[in-house]
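Data first, discussion second: the structure below is written as structure tokens.
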Amino acid sequence: MTRLSVCIEMFWGDLPMEERIARVAALGFPAFEFWGWKNKDIPAIKAAMTEHNIPIAALCLEPGHSLIRRHYEAEMVQATKDTAAVAAELNCKTIIATVGNTIDDESYEISRRRVVRNVRAIGKVAEDHGLTIVLEPLNTLVDHHGYWLRTMAQAVDIVQEVGSPAVKILMDIYHQQITEGNNIANLTEYIDEIGHFHTAGVPGRHELVGGEQDYRAIFKAIDATGYDGYVGLEYRPTMDTEESLKQALSLVED
């Protein structure tokens, strides 16, 4: 059965992170996740994890959107080491990495070579720390204009050239539906390169029910691949938060 992780950045925005963790656990979810760690009270989060017996599925590499930057390899290696230290404190094994925006005055291939070089460098750090870096393609039509890494095929190309067991892809079903669709075929074809999933309804980035995607079918397709990682809920609720999350849970419990 699909294991859902709640991205607490998107829910209960008026509550401290540790209270959000408590609510996720009370609803019966097996894990939670968040974005950047630099603005978080890590000891408080760790205490909440222990109190409520719930693990963290993923957190983000900081700084984000930097893997395409020129002359930034050493800084990204250090950033990965710093993030790895926080991940170790929380026993988090998956680190989300965003690439950054297209550089207008250079060709795709030059940017690609730099991204591969930088990802290979941080992948070595991840290997040393027992972590998995997941690269996230994002849509450029609605949410992230100018972002460089867009399609699953593009991400697979990068991951395969890097050639590290510690580097995989975060397939965000919401972003990929907007960019290219074909989600079930793509996740099935590329499952060996996928290390994490995110979900949200299209259009609007709201609940999984009521949009143009059939998430019951998508979850069944993920299960059919044998994937045993987490699938993150990363959407903005339009109804009562608890009821919204219960609705999402029902899609994997039916």
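The values are calculated or read from the model by the stated rules, or taken from the named source; none is laboratory data. Note that this is a predicted model, so its numbers are computed, not measured. A quick note on method: Cβ atoms are made from the backbone with ideal geometry, for glycine too, and the neighbour counts reach across all protein chains shown.
Annotations
- Restricting Leu141, Leu135 to those that are in contact (Cβ under 8 Å) with a residue 24 or more places away in the chain and buried (at least 21 other Cβ atoms within 10 Å of the Cβ) reduces the list to Leu135.
- Filtered residue count, the stretch 127-146, keeping only those that are on the phi < 0 side of the Ramachandran plot and more than 16 Å from the chain's Cα centre (by Cα): 7
- Residues of the stretch 85-105 classified as touching a helix residue (DSSP H, G or I) at 6+ places or on another chain (Cβ under 9 Å) and either without any contact (Cβ under 8 Å) to a residue 60 or more places away in the chain or of a type in the set (A, V, I, L, M, F, W, C) (or both), total: 12
- First in the stretch 1-21 and in contact (Cβ under 8 Å) with a residue 12 or more places away in the chain, second anywhere and among the small types (Gly, Ala, Ser) and surrounded by 23 or more Cβ atoms within 10 Å (Cβ to Cβ), Cβ under 6 Å, 6 or more apart: Ser5/Ala57; Ser5/Gly232; Cys7/Gly232
- Test: residue in the stretch 12-32 that is part of a loop (DSSP other than H, G, I, E, B), within 14 Å of the chain's Cα centre (by Cα), at pLDDT 95 or above and surrounded by 21 or more Cβ atoms within 10 Å (Cβ to Cβ): no
- In the stretch 75-107, the qualifying residues are those that are part of a loop (DSSP other than H, G, I, E, B) and of a type in the set (Val, Ile, Thr), and the one that is nearest to Ile158 (Cα to Cα) is Val99.
- The lone exception for Ile184 - which of (1) under 26 Å from Glu9 (Cα atoms); (2) free of Cβ contacts under 8 Å to residues at least 60 places away in the same chain it fails: (1)
- For the stretch 160-201, a tally of residues being β-branched (Val, Ile, Thr), more than 18 Å from Gly226 (Cα to Cα) and surrounded by fewer than 24 Cβ atoms within 10 Å (Cβ to Cβ) returns 3.
- Qualifying residue in the stretch 235-250 (condition: surrounded by 18 or more Cβ atoms within 10 Å (Cβ to Cβ) and charged (D, E, K, R)): no
- Index of the failed condition, Asn182 passing every other in (1) over 27 Å from Pro55 (Cβ atoms); (2) within 17 Å of the chain's Cα centre (by Cα): (2)
- Beta carbons closer than 6 Å, at least 6 apart along the sequence or on distinct chains, pair a first residue in the stretch 223-242 that is more than 25 Å from Ile95 (Cα to Cα) with a second that is outside any loop (DSSP other than H, G, I, E, B) for Thr238/His206.
- Within the stretch 60-74, if we keep just the residues that are more than 19 Å from the chain's Cα centre (by Cα) and either free of Cβ contacts under 8 Å to residues at least 12 places away in the same chain or in a loop (DSSP other than H, G, I, E, B) (or both), the residue that is surrounded by the most Cβ atoms within 10 Å (Cβ to Cβ) turns out to be Arg69.
- Restricting the first member to the stretch 36-55 and to residues that are aromatic (Phe, Trp, Tyr) and surrounded by 15 or more Cβ atoms within 10 Å (Cβ to Cβ), and the second to residues that are modelled with pLDDT of 95 or more and not in a helix (DSSP H, G or I), the beta-carbon pairs closer than 7 Å and six or more apart or on different chains are Trp37/Leu59; Trp37/Glu62.
- One residue stands out in the stretch 43-59 among those that are touching an Asp or Glu at 6+ places or on another chain (Cβ under 8 Å) and part of a helix (DSSP H, G or I): the one that is nearest to Leu27 (Cα to Cα), namely Ala48.
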